[in-house]
1. What is the one condition in (1) open to solvent by 30 Å² or more (accessible area, probe 1.4 Å); (2) in a loop (DSSP other than H, G, I, E, B) that residue 211 does not satisfy?
2. For segment 28-46, enumerate the residues that are more than 13 Å from the ligand (Cβ to nearest atom) and either within 18 Å of the chain's Cα centre (by Cα) or open to solvent by less than 60 Å² (accessible area, probe 1.4 Å) (or both).
3. Provide a single number: the residues in segment 145-160 that are more than 10 Å from the ligand (Cβ to nearest atom), modelled with pLDDT of 95 or more and over 11 Å from the mean Cα position of the chain (by Cα).
4. I'd like to verify a number: residues in segment 106-122 that are touching a residue at least 60 places away in the same chain (Cβ under 8 Å), among the hydrophobic types (A, V, I, L, M, F, W, C) and either closer than 19 Å to residue 230 by Cα or within 9 Å of the ligand (Cβ to nearest atom) (or both), how many?
5. Do the conditions hold for residue 188, that is, is it closer than 20 Å to residue 230 by Cα, within 12 Å of the ligand (Cβ to nearest atom) and modelled with pLDDT under 95?
6. Regarding residue 139, is this residue more than 26 Å from residue 63 (Cα to Cα), in a strand (DSSP E or B) and either within 12 Å of the ligand (Cβ to nearest atom) or open to solvent by less than 30 Å² (accessible area, probe 1.4 Å) (or both)?
7. Kindly check whether there is at least one residue in segment 152-167 that is more than 22 Å from residue 36 (Cα to Cα) and without any contact (Cβ under 8 Å) to a residue 40 or more places away in the chain.
8. Scanning for something charged (D, E, K, R), part of a helix (DSSP H, G or I), modelled with pLDDT of 95 or more and more than 12 Å from the ligand (Cβ to nearest atom), does segment 75-82 turn up at least one residue?
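The values are calculated or read from the model by the stated rules, or taken from the named source; none is laboratory data. Since the model is a prediction, treat every value here as computed from it, not as a measurement. Here the Cβ is made from the backbone with ideal geometry for all residues, glycine too, and neighbour counts use every protein chain on show. With ligands, DNA and RNA removed, areas are computed over all heavy atoms of the protein, side chains included. Shrake-Rupley method; radii C 1.70, N 1.55, O 1.52, S 1.80 Å.
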Amino acid sequence: MKDKSLQKIINRAYEFNEEQQNALDQGIITEEEWYEINKQHFSSHYIASDNPRGQSGHSGNEHHYFQSHFMILEAIHKNGSFIDVGCANGYLLESLDRWTKSLGYYSVEFYGLDISEGLIDLAVQRLPDWKDRLFIGNAMYWKPEAEKYDFVCVKELSYVPVNKQRSFLERLLNHYVAPGGRLILGPNGEERETRHLENQLSKWGYKPTGYMEKSHHNNQLLARRMVWFDKE
Ligand SMILES: C[S@@+](CC[C@H](N)C(=O)[O-])C[C@H]1O[C@@H](n2cnc3c(N)ncnc32)[C@H](O)[C@@H]1O
């Protein structure tokens, strides 16, 4: 028996992405409009939520949020800087900051980037001490002003149109990740057997350095996955 609410969310996101991609392919919208529609879609849904998890796109409770995101700590293996690309209201950064501090293994400085002005405004309201670390920009074109980051985390390559996803991955590796740093993709929920991301990466000739997989908390057909690439 599938978790119907989670499956509905996954299906809705896929449908939205597909509609957008078709409109772009058929020349009904430009690439600029693609980003604008995407931004409005995320912003309006997230900002309407009455809790910080919902404002970063997560529909579950705090325990579920922890179960879904704690695996990111597995990829943090040294002190350094960390940027969440598509940080929404900053809840992931805030949570990772709390978790890394409570474990005390590594000292990590957190940063965030989002395409939505409204969501970054919300992040700054929630995390005023971090206002200089929260940036507005389209990740496909934005570049770090000074230093690159030791850890770059991007939940989805679908933040850009399908035909741009490979160059997005390359941009992240070339322009965002510091030498000796790590690009983290995920964590993402998908049907256990699909392995969509890994298949796509392998078609492009990319072999992740590391990966994590976790079962869904109450659905054996779903899995949560994350992969990472180390940069020399
Ligand atoms: C699913 S949320 C992820 C939130 C957070 N990273 C987390 O894991 O909790 C996706 C976020 O990515 C942002 N986003 C989508 N496309 C983007 C792009 N091209 N550049 C920067 N941010 C983007 C959206 O505005 C949204 O806030």
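1. (2)
2. 29
3. Summing the residues that are more than 10 Å from the ligand (Cβ to nearest atom), modelled with pLDDT of 95 or more and over 11 Å from the mean Cα position of the chain (by Cα) in segment 145-160 gives 4.
4. Matching residues across segment 106-122 total 2.
5. Against the criterion (closer than 20 Å to residue 230 by Cα, within 12 Å of the ligand (Cβ to nearest atom) and modelled with pLDDT under 95), residue 188 qualifies.
6. No, not satisfied.
7. Looking for residues that are more than 22 Å from residue 36 (Cα to Cα) and without any contact (Cβ under 8 Å) to a residue 40 or more places away in the chain, one finds none in segment 152-167, hence no.
8. No, there is no match, as no residue in segment 75-82 is charged (D, E, K, R), part of a helix (DSSP H, G or I), modelled with pLDDT of 95 or more and more than 12 Å from the ligand (Cβ to nearest atom).
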